[in-house]
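Data first, discussion second: the structure below is written as structure tokens.
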Amino acid sequence: MDFDFNRLISRENTSCVKYDLRQVIFGNPNVLPMWVADMDIPAPDFIIDALRQRLNHPVLGYTFRDNHYHNAITWWYKHLHGWDIDTAWIDFCPGVVSGLSHAIRAFTKPGDAVIIQPPVYRPFFTTVSANNRKLVLNPLIENNGQYTFNYDLLEKQVAQGARMLILSNPHNPIGKLWSKEELLKLGEICIRYNLIIVSDEIHSDLVFEGNTHFSIASLSEKLAASTITFASISKTFNLAGLASGFVIIPNPELKARFAAELEASGAGMGNIFGFEALKAAFTPQGEEWLKKFMQHLDSNWDFLSRGISRFSKIKVHKPDATYLVWADFRETNLTDDQLNKLLVHEAGLGFSPGTEYGQQGLGFQRINIACPVQTIELALKRLDKIAKYLE
Ligand SMILES: Cc1ncc(COP(=O)(O)O)c(C=O)c1O
């Protein structure tokens, strides 16, 4: 099967956040949008066909998740992630961000400390704070673009009574896959202090060849018993607008508490199209599409990294996974304000400013490369407009 990942599709006037909110977000309606984590690549035909097929029946009443849905998830996890999960461990969430919020409410009380590891996805900060929990920062340690966990600080923080750790794996925005050893060391601290681990693994299918993603819950029975794992079809197959995620909770007591929280908030029903899409996605066809898509992403990365190498003050490392490139502009010595203004108003580029991910993102920009290669070519040309600051 051939897929054309370089087909240019206009997304303007489709009520899409990435294009149609450029004026609101950037104050420039013409930026080349390489920010929010969705792709300028159509969802695969076999998923769109499955949705059309469902629309051939004109009644879209209340729905439930059938065996086919659950089996599709277990097949995908066993086959792609080497994790044998039981269908009884699976529940729904209306998107991973909403799932994080439900988990915070299900497993902690107002005022409880919840740990996150910046630089990290903005809603990790906001879901904790908006639920009146105490946000505790356990920043990653950075050395020449390589990141590690700060275990010593974590140990102090959990000893002071934190209740939950929210993990990003692969880590958005840095694109790192945490190794088995790193996860086990982190997990050992969490288990010792009875911490609940919430593992956001929404990008975990998007792994570059040669790398492996490990779900922390798959690494031991004890970790399985204290981990809530969130994932979705939304990043892998570009279906974020379906607002449909899922959660894996091997511990029946924790699963019941999560389900009770979903019920209390009336959010447990889900979306018929999300379920149909998942059944079409988590299949051998989906696997084949993903393999080809990752090859496309690999060549986009090559194109970007070769092009960017002429700007000596921008440093990039290949992500292990995700379509997000964490670009280090610190050598330009520009303030974030100056850098953002130059990128947006002089170059016409809409990246995600690193400051979105916490103080640790100062001087960085996150670049979304899930697009036709022509977009990257244009981005490099636009960077030329501010080359004097970057060389
Ligand atoms: C780490 C991470 N978690 C969650 C989400 C959003 O998930 P959802 O759209 O299912 O709420 C994103 C989207 O960018 C993400 O990067």
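Read the figures in this text as sums done on the coordinates, not as results from a lab. Given the structure is predicted, the values throughout are model-derived calculations rather than measurements. Backbone-built Cβ (ideal geometry, glycine too); neighbour counts: all protein chains shown.
Within straight-line reach of Lys78, meaning a Cα separation under 13 Å, sit the following aspartates and glutamates at least 8 residues removed in sequence or on another chain: Asp86, Asp205, Glu287. Please give the Cα centre distance for region 1-37 versus region 118-194, rounded to the nearest Å. If we compute the Cα centre of each part, the gap is 31 Å. Here's how it looks for Met164: its modeled amide H is under 5 Å from those of Ile115, Ile196, which are all 5 or more places away or on a different chain.
Highest mean packing first, where packing is the average number of other Cβ atoms within 10 Å per residue, the peptides 259-265, 367-373, 234-240 line up as 234-240, 367-373, 259-265.
For the chain, the antiparallel share of DSSP beta bridges with both residues in that region comes to about 55%. Bridging of Lys156 to lysines at a Cα separation below 25 Å is possible for Lys109, Lys134, Lys176, Lys180, Lys185, Lys222, once same-chain residues fewer than 8 apart are set aside. For a test of the definition: using alpha carbon positions, the gyration tensor, and the 1.5 limit on a/c, classify the chain as rounded, prolate or oblate. Oblate, because a/c is 1.5 or more while a/b does not exceed b/c. Among 85-92, 58-65, sorting by the average number of other beta carbon atoms lying within 10 angstrom of each residue, highest first, gives 85-92, 58-65. Phi angles across region 248-263 convert, under the Karplus curve 6.51 cos²θ - 1.76 cosθ + 1.60 with θ = phi - 60°, into 3J(HN,Hα) values of 10, 9, x, 7, x, 5, 5, 5, 5, 5, 5, 4, 5, 5, 4, 5 Hz, Gly and Pro given as x. Annotation: peptides 338-344, 225-231, ranked by per-residue average of other Cβ atoms within 10 Å with the highest first, follow the order 225-231, 338-344.
Close amide-amide hydrogen proximity is noted between Gly95 and Ser244, Gly245, each under 5 Å apart and 5 or more residues distant or on a separate chain (H modeled in the peptide plane; Pro and chain starts excluded). Taken one residue at a time, the phi angles of region 119-124 give Karplus couplings (6.51, -1.76, 1.60, θ = phi - 60°) of x, 8, 2, 3, x, 5 Hz. Gly and Pro are set to x. In terms of Cα to Cα distance under 20 Å, which aspartates and glutamates are near enough to Lys388, apart from those fewer than 8 places away along the same chain? Those aspartates and glutamates meeting the cut-off are Asp328, Glu331, Asp336, Asp337, Glu346, Glu377. Other residues whose C-beta falls under 13 angstrom from the C-beta of Asp298 contribute a net charge of +1, scoring Lys and Arg +1 and Asp and Glu -1. Karplus-derived 3J(HN,Hα) values for region 145-162, using 6.51 cos²θ - 1.76 cosθ + 1.60 with θ = phi - 60°, are x, 9, 10, 9, 6, 9, 5, 4, 5, 4, 4, 5, 5, 6, 5, 7, x, 5 Hz; glycine and proline are entered as x. Let me check I've understood the local charge: for Phe149, count other residues with C-beta under 14 angstrom from its C-beta, Lys and Arg +1, Asp and Glu -1. What total comes out? Charge balance near Phe149 sits at -2. Just checking the listed ones, Pro139, Pro110, Pro118: in the Gaussian network model of the chain with Cα springs under 10 Å, the one fluctuating most is Pro110. Taking amide hydrogens as placed 1.01 Å from N in the peptide plane, the amide H of Ile386 sits under 5 Å from that of no residue at least 5 positions away in sequence or on another chain. Compute the Cα gyration tensor for region 74-155, then decide on rounded, prolate or oblate, letting a ≥ b ≥ c be the square roots of its eigenvalues: rounded whenever a/c is under 1.5, prolate when a/b is larger than b/c in the other cases, and oblate in all that remain. Cα axes put region 74-155 in the oblate bin. Positive contributions from Lys and Arg (+1) and negative ones from Asp and Glu (-1), summed over other residues with Cβ under 15 Å from the Cβ of Gln160, come out at +2.
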